[in-house]
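Just below is one structure, and these are the notes that go with it.
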There are 2 protein chains.
Amino acid sequence: MDSSAALRIFREHLKRYVDFNEAEWILFSQHLNFAKLKKKHYFAESGKVCNKVGFIVKGSVRYFHIKDGEDITGYFSFENEFLSSYKSYLTGVPGHVYVQALEDSLLITFTRKDMDEMLNDPMLAYKMERFGRLIAEHYLICYEDRVTAFVTQTPEERYLELLNTGREILQRMPQHYIANYLGITPVSLSRIRKRILETVK
Amino acid sequence: MDSSAALRIFREHLKRYVDFNEAEWILFSQHLNFAKLKKKHYFAESGKVCNKVGFIVKGSVRYFHIKDGEDITGYFSFENEFLSSYKSYLTGVPGHVYVQALEDSLLITFTRKDMDEMLNDPMLAYKMERFGRLIAEHYLICYEDRVTAFVTQTPEERYLELLNTGREILQRMPQHYIANYLGITPVSLSRIRKRILETVK
DNA sequence: CTAAAACGTTAACAAAAGATAAGAATTTGG
DNA sequence: CCAAATTCTTATCTTTTGTTAACGTTTTAG
């Protein structure tokens, strides 16, 4: 895929959030970069400031933390989703999360510096504030739902819900990552799956 | 407390996010309402669309879900924080959460309709987009941290962290609400507390 | 192609959490 | 002021999860 095809995909996706006119789009796209992220390479690392946001044109990433020497997967992103170590990007403080490509991926990125320039450019400021608001609101809802699931559901219920709504995760992610994502160990998820199979029988 | 004192507090708090000039502030404040919410009364209810956001000048609220006839507390808000059934407010769809005053509370509120008017008013649009963006980013970070805690920490670790960072919750909320907030039962939290006390000895 | 790594299941045991109930202490709401 | 409700702890029992290790299968990387 070439850059212009990637740009088209990105622009199409952004229509959900903001409608840039031609002049605005030209200004905006001047601040965009294209990046290939090879499998297992990092978009963000714990202990480092993440100064950019990416949009996944092709590929996928996982977010993970390292605790007691073990890595624990907390989230995934796929095509047409954004990725960043958001807290670090937003606050400028080093993050605690690793964001790693799960396959060779194609990204469109912009830096915090570019975003600040756009937020300060009278030609773009309004649209960029709006863009930022709608993206943040979108992910706020995602995280709110996830917290609710942890508070109100058992691991088994969370897995059953994933069976209904998380096709992409189920199809594309190994089971031990999914277990972490659900807040349990891989062994425990294996048992839950067995339990469900026996109940269905 | 009278309305103008409440307004001053609100304006002071908003400076963290947006700096309104006098003309903007006059326009903005025309869209604000003052509301007293008596203890145990609801700001939002499951099954209903929540069409407003509030700012707590005085008081506190808890968010809870009802599952199998039991209520499960998921979150709290105190003075100088916003409250809403955000997903419902943002999407216009009925929410699944109850937001209830824990004490007689004083709120400043605005409706979704008012916010939309402001977002469409050329005099205010830019500042309101910015306001919305920064608020959403703030709560996005809160929820991201919370999800990370559920994925990477045990209930005991989450409680120990609350001991370090959650003074307000610990001091103002009964223990069984805190247990729910941590994703466990009240009985389990009581045991964790006992375990910690015995370890310290 | 092949050795190494990664993945998923299962087993056995320990640790933790859920469910239920009882009882004491505290708070509450007329 | 007082009865009722709430809150917290504790005990008992059951269920679930964590931990560790083993094993076969699949995937990966050189």
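Odds and ends about this structure:
- Folded to 0 to 90 degrees: helix B:155-165 orientation relative to chain B principal axis, Cα: 50
- Remark: mean inter-chain Cβ contacts per residue of A:121-131 equal 3, using a 10 Å Cβ-Cβ cutoff to other protein chain atoms.
- Largest to smallest accessible area among B:Leu14, A:Leu7 [probe 1.4 Å]: A:Leu7, B:Leu14
- Cα gyration tensor shape for the protein assembly as shown, rounded if a/c is under 1.5, else prolate or oblate: oblate
- 10 Å Cβ neighbours from other chains, averaged over peptide A:147-158: 5
- Nm distances between copies for A:Tyr42, ranked from closest, using label points 7 Å along Cα→Cβ: 4.7
- Accessible area, probe 1.4 Å, largest first, for residues A:Ile108, B:Ile72: B:Ile72, A:Ile108
- Sorted from closest to farthest, the other copies place their B:Leu170 label points 4.2 nm away, with each point set 7 Å from Cα along Cα→Cβ.
- Ordering A:His138, B:His13 by accessible surface, largest first, gives A:His138, B:His13; the 1.4 Å probe counts only protein heavy atoms, with every chain in place.
- If you take the alpha carbon atoms of the range A:3-114 and fit the smallest convex hull around them, that volume is 97 Å³ per residue.
- Kirkwood-Stokes translational diffusion coefficient of chain A, alpha-carbon pairs, 4 °C, 1.567 mPa s, µm²/s: 70
- Charge dipole magnitude, Cβ of K and R +1, D and E -1 - the range B:72-201, Cα centre, debye nearest 20: 560
- Other residues whose C-beta falls under 9 angstrom from the C-beta of B:Val99 contribute a net charge of 0, scoring Lys and Arg +1 and Asp and Glu -1.
The values are calculated or read from the model by the stated rules, or taken from the named source; none is laboratory data. From a predicted model like this one, the values you see are computed outputs, not experimental measurements. As a convention, Cβ positions derive from the backbone with ideal geometry for all residues, glycine included, and neighbour counts pool all protein chains shown. Surface accessibility is based on the protein's heavy atoms, side chains included, excluding ligands, DNA and RNA. Shrake-Rupley method; radii C 1.70, N 1.55, O 1.52, S 1.80 Å.
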